[in-house]
Amino acid sequence: MAVGQEFDVALTSGSGTIETTTTLTTAGSLIGDYDAQTNPEGTQTRPGFFGGSGNNPIPVSADFVSQTGGVIGPTGSLVLTLDLDAATADIEGLTLDLLGGQALAAEIALTLLYDSFHTVNPSFIYPGGVPITLPLGQIGSVVAATLEQTDTGFGVLTPTGEADVYEFAAAVPASASFEVNIAPAGSDPAAQQIGPLPVVVALGGQITLIDDNHLLLSIAVGPLTDEQTVPIDPAAELPAVPLELPTLGTETAGVVMTISADSVHMQTLVELSATGEGTRVGCIADWDSDGVLSFFDVMGFLSDFAAQDPRADLAGPDGVFDFFDVQVFLQLFSAGCPEL
């Protein structure tokens with residue numbers, strides 16, 4: 001194989017697991033759901049432990065904590081540059097759809113921290129500085145998770161002792177991006193983009209050379225762990241969130257929360273494997289891969305054709321070695337190779 005041969009690889013079969021914990025930090029206010037016209041029996045909120053009048057907004061901070069995990073079917077692509085003499089395997093253009101087009105349901109809990117206030121209808125006191133955690137259930141999902149390479153990933157090849165089979169390892173700089181949807185009951189869904197977040201992907205696997213133009217690639221990633229906090233500036237206003245706050249009895253206090261997100265914290269654990277086929281990027285007519293179109297390319301093709309080497313089955317491939325295969329090669333040879 002010639003020095004520095006490039007292969008386009010499509011990763012079409014994969015499996016793995018992903019676990020994420022996402023905390024969306026917000027601030028704003030909550031107010032009772034009382035409305036003189038549409039909900040006269042609703043809850044009113046008033047600052048302090050007693051007294052006051054009317055329905056008043058109460059300053060509040062709220063953390064939405066989303067936990068999700070499950071089996072994934074990643075797909076993607078990359079460009080692999082092999083140099084067998086130098087024992088290198090460099091990677092460019094790695095893209096991975098970690099979810100393979102699916103979405104993962106997320107269990108979401110809401111932790112509220114507020115100034116002291118009390119409610120009317122029902123009557124209840126909520127001391128300030130005491131957080132309340134409300135499990136909201138599966139009201140969200142991770143709808144996208146991707147990895148995009150940002151710089152060359154330099155890798156090394158190690159022979160396995162089996163002909164044309166190599167182990168490889170590479171460190172690939174990349175960025176990770178996620179999209180989380182939160183859809184509380186009674187409000188519009190809110191989509192939150194997270195990232196791109198810089199990561200370094202430790203990539204390993206095996207390369208099997210089929211011939212000069214084709215290979216099989218299996219890769220393994222992880223376990224990849226990452227934890228980052230990303231500020232949201234300017235803060236993103238979220239849709240109003242209706243909530244039922246608990247009391248000591250069976251009644252609940254109905255409030256509506258108006259908040260803006262100012263940061264997101266994410267912890268991620270990903271582990272996956274994938275396989276795919278690679279096709280050499282270059283000119284088929286350069287049969288001996290020496291970078292020159294010559295008589296030796298024609299002789300090499302005819303020799304493989306006579307031996308019924310699958311590489312010479314160019315018309316299809318259909319498993320039949322006939323005039324059409326020769327015709328395809330001669331057309332390619334006559335057309336030349338622009339890059340040579």
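The values are calculated or read from the model by the stated rules, or taken from the named source; none is laboratory data. Since we're looking at a predicted model, the values are computed, not measured. Backbone-built Cβ (ideal geometry, glycine too); neighbour counts: all protein chains shown.
Observations, loosely collected:
- Among the residues here, ILE219 qualifies as in contact (Cβ under 8 Å) with a residue 40 or more places away in the chain and under 30 Å from THR275 (Cα atoms).
- Taking the criterion of being among the aliphatic types (A, V, I, L, M) and in contact (Cβ under 8 Å) with a residue 40 or more places away in the chain, the residues of region 281-331 that qualify are VAL281, ILE284, ALA285, VAL292, LEU293.
- Among the criteria (1) within 25 Å of the chain's Cα centre (by Cα); (2) more than 20 Å from VAL199 (Cβ to Cβ); (3) buried (at least 18 other Cβ atoms within 10 Å of the Cβ), the one TYR166 does not fulfil is (1).
- Sub-7 Å Cβ pairs linking a first residue in region 163-180 that is closer than 16 Å to VAL270 by Cα to a second residue that is assigned to a loop (DSSP other than H, G, I, E, B), at least 6 apart or interchain, are PRO173/THR150; PRO173/ASP151; ALA174/THR150; SER175/THR150, ordered by first then second residue.
- Restricting region 115-142 to residues that are in contact with a Leu (Cβ under 8 Å, 6 or more places away or on another chain) and within 30 Å of PRO198 (Cα to Cα), the residue that is surrounded by the fewest Cβ atoms within 10 Å (Cβ to Cβ) is SER141.
- Positions within region 71-102 being in contact with a Ser or Thr (Cβ under 8 Å, 6 or more places away or on another chain) and surrounded by fewer than 16 Cβ atoms within 10 Å (Cβ to Cβ), in sequence order: VAL71, ALA87, GLU92, GLY93, THR95, GLY101
- Residues (farther than 23 Å from SER66 by Cβ, surrounded by 13 or more Cβ atoms within 10 Å (Cβ to Cβ) and not polar (S, T, N, Q)) located in region 143-153: GLY153
- Identity of the residue in region 19-61, more than 24 Å from PRO239 (Cβ to Cβ) and in contact with a Gly (Cβ under 8 Å, 6 or more places away or on another chain), that ends up modelled with the highest pLDDT: ARG46
- Any hit, region 120-132, residues being part of a strand (DSSP E or B) and among the polar types (S, T, N, Q): no
- When the test is whether a residue is over 12 Å from the mean Cα position of the chain (by Cα), in contact (Cβ under 8 Å) with a residue 12 or more places away in the chain, closer than 21 Å to THR258 by Cβ and assigned by TED's automatic domain parsing to the domain that holds ALA261, THR160 does not pass it.
- Look at (1) out of contact with any strand residue (DSSP E or B) (no Cβ under 6 Å at 6 or more places or on another chain); (2) part of a strand (DSSP E or B) and you find that ALA174 fails only one, number (1).
- Residue tally, condition within 20 Å of THR26 (Cα to Cα) and touching a residue at least 40 places away in the same chain (Cβ under 8 Å), over region 128-154: 7
- Applying the condition of being among the polar types (S, T, N, Q) and out of contact with any Asp or Glu (no Cβ under 9 Å at 6 or more places or on another chain) to region 45-57 and asking which residue is farthest from PRO242 (Cα to Cα) yields SER53.
- Residue, surrounded by the fewest Cβ atoms within 10 Å (Cβ to Cβ), within region 8-42, restricted to residues that are assigned to a loop (DSSP other than H, G, I, E, B) and in contact (Cβ under 8 Å) with a residue 40 or more places away in the chain: GLU41
Rundown of residues vs (1) closer than 27 Å to THR17 by Cα; (2) assigned by TED's automatic domain parsing to the domain that holds VAL71; (3) of a type in the set (A, V, I, L, M), yes/no style:
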| residue | (1), (2), (3) |
| --- | --- |
| ALA202 | yes, yes, yes |
| LEU216 | yes, yes, yes |
| ALA220 | yes, yes, yes |
| THR247 | no, yes, no |
| SER289 | no, no, no |
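- Boolean, ALA335 is touching a residue at least 24 places away in the same chain (Cβ under 8 Å) and either touching a Cys at 6+ places or on another chain (Cβ under 8 Å) or crowded, with 19+ Cβ neighbours inside 10 Å (or both): no
- Counting only strands (runs of 3 or more DSSP E) that fall entirely inside region 60-116 and contain at least 1 residues that are aromatic (Phe, Trp, Tyr), in the same structural domain as ALA27 (by TED's automatic domain parsing) and within 28 Å of PRO231 (Cβ to Cβ), the qualifying elements are 104-114.
- Of all the residues in region 294-327, those that are part of a helix (DSSP H, G or I), within 13 Å of ILE284 (Cα to Cα) and aliphatic (A, V, I, L, M) number 3.
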